[in-house]
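Working notes for the structure below.
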Amino acid sequence: MTDPEDRDDDARLLVRLALGDKAALAVAFDRFAPTVTRYAWAIAPSRMDVEELVQDTLLTLWQKAAAIELPTESLLPWLLVVCRNHARNLRRRQARAESDSLPDDLEAPPAAEEAREHLRWVRAEIDALPTLDRRICELCLLEGRSYSEAATILGLSVGAVTKRVSRSRTRLKKAVMHDEH
Amino acid sequence: MNTEPPLGDDFQRLLVGMKRSVLDRADDVRPRPVRHRHVWPVVGLVALLAVGSVSGAYAVGLVPHDLFLAPTAAPSPTVSEPPSPSTPAAETPPASSPATRSVTPTSTAKPFSIDDPGTWTTSFREVGPIALGAPYVGEIDDLTSAYTRDNESCPNPNVSFWHRTGSVELVVENTDGVVSGVSIGLVSPTDPSYRTTAPTTAEGAGIGSTLAQLKTLYPDIENTGNYGGSGADGGFEYWSIHSADGYITFVLGADNSHVGQVWVAATPQPPSEFCG
């Protein structure tokens, strides 16, 4: 269950990650890895692949935090989409390793029923998200859209970021400036 | 997998192992930015202002890649392109703008070294050797002399991230096989690092420039929105200049004063994120 305080913290956490705060990465792992792991478990062929997907997803968050501009309150939909994308890349690499020719259906998104099955162990977490975040999950993880496409479809622009994000940034900016002086 | 995910202690052990690995790998995949002294190349700026005042009268034009020169080569006075009838020399300033002649970023009017992004020019159509609207695969090939591609961290196949020690990160966006946007700088917006090793406009604007400098260089510059609220409220303000070819947007950092990112594309606002 994602409570409102956690969602408020997501924006603050993202800023800390963008500033290279490694402790924030540990917090992000504790907050999101259980859910990302259960999702990865449904889409990866082996436990070793699950571990690779989860680690790569959290490291992508770490590396790209400065480039992420959340249009909503929660980081979880973004992380699940990144995990799905890593899984696709993993399948491509594995298919290439097994054969020179890729199967025709490799790039095809999973059928709706299969996609729904992929969410079977994270439904509670997605249901607990705010409406817009739930819709992003549906558009991306069930319909196969990219995160940016989903945000566009939902009318979420960069300028539509919540004031909560702004307040978090203001607080953090003050904290950082205080630390530097 | 068809099996149920582990529960209880087994699940916790799985998480602990992954967490240790993530934290171990974090330093390798993203070294903390090195802080440098806050130095603005005043002499260079003055010189570039002079160049910009002249080049502002010229229109944007492509410079072929065979104009790449060695890093030590002096700029050639012969490389300036003649005015193009299709591109206005300057934007019409709004009525409230100062009566200063507008200076718009020209194309790569100065020679540059392909392996030194500090010599690259940002224009509406190019960032150094990368031309907006040109075939993506061919353009990013030109980056390999200066940057190392990060192939693993971002799963979105339509963007590529490029790293260079001592310089800012470059992100090139691909839409339908052509370059549709270039982002310069994703470092901590308050970090003054790298400002002398990143591409700048012909007038010298780029990472680390202040809003006051931008307004001096580009009297027509417009605020085109923000991310996370106004700059005064902790958000990141977008300040853009534009021509018929597109936009150059300067994203102010958390100090609401210095540029932390530059976005070159047909639209003024950078994507909400690159990896999803």
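The values are calculated or read from the model by the stated rules, or taken from the named source; none is laboratory data. These numbers come from a predicted model, not from an experiment. Cβ: placed from backbone, ideal geometry, glycine included. Neighbour counts: every protein chain shown.
Looking at the structure I just gave you, is A:Leu132 more than 9 Å from chain B (Cβ to nearest Cβ), within 29 Å of B:Thr3 (Cβ to Cβ) and either modelled with pLDDT under 80 or out of contact with any helix residue (DSSP H, G or I) (no Cβ under 7 Å at 6 or more places or on another chain) (or both)? No; evaluated as a whole, the condition is false for this residue. Please specify each residue of the stretch B:228-254 satisfying the condition of being at pLDDT 75 or above and out of contact with any strand residue (DSSP E or B) (no Cβ under 7 Å at 6 or more places or on another chain). B:His242, B:Ser243, B:Ala244, B:Asp245, listed by residue number. Looking across A:Arg47, A:Arg38, one residue alone is surrounded by fewer than 19 Cβ atoms within 10 Å (Cβ to Cβ), over 18 Å from B:Leu23 (Cα atoms) and at pLDDT 90 or above. It is A:Arg47. Tallying residues that are assigned to a helix (DSSP H, G or I) and of a type in the set (A, V, I, L, M) within the stretch A:109-141 yields 8. Note on the stretch A:45-61: residues that are facing chain B (nearest Cβ under 8 Å) and closer than 22 Å to B:Trp263 by Cβ amount to 1.
Would you check if B:Thr224 is within 14 Å of another protein chain (Cβ to nearest Cβ) and modelled with pLDDT of 95 or more? No; evaluated as a whole, the condition is false for this residue. All conditions but one from (1) farther than 12 Å from B:Phe250 by Cα; (2) within 15 Å of the chain's Cα centre (by Cα); (3) more than 14 Å from every other protein chain (Cβ to nearest Cβ); (4) modelled with pLDDT of 90 or more apply to B:Leu217; the one that does not is (2). Within the stretch A:12-35, if we keep just the residues that are at the interface with chain B (Cβ under 9 Å from one of its Cβ atoms) and touching a Lys or Arg at 6+ places or on another chain (Cβ under 6 Å), the residue that is surrounded by the fewest Cβ atoms within 10 Å (Cβ to Cβ) turns out to be A:Gly20. In the stretch B:111-149, which residue that is assigned to a strand (DSSP E or B) and among the hydroxyl-bearing types (Ser, Thr, Tyr) is farthest from B:Phe250 (Cα to Cα)? Once the filter is applied, the top-ranked residue is B:Thr148.
Condition check ((1) in contact with a Gly (Cβ under 8 Å, 6 or more places away or on another chain); (2) within 13 Å of chain B (Cβ to nearest Cβ); (3) surrounded by fewer than 15 Cβ atoms within 10 Å (Cβ to Cβ)) across all residues:
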position: A:Ala111; (1), (2), (3): no, no, yes
position: A:Glu114; (1), (2), (3): no, yes, yes
position: A:His118; (1), (2), (3): no, yes, no
position: A:Trp121; (1), (2), (3): no, yes, no
position: A:Ala128; (1), (2), (3): no, no, no
position: A:Ile136; (1), (2), (3): no, yes, no
position: A:Cys140; (1), (2), (3): yes, yes, no
position: A:Tyr147; (1), (2), (3): yes, yes, no
position: A:Ala151; (1), (2), (3): no, yes, no
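Evaluate the following for A:Glu114: is it at negative phi, at pLDDT below 85 and acidic (Asp, Glu)? Answer is yes for this residue.
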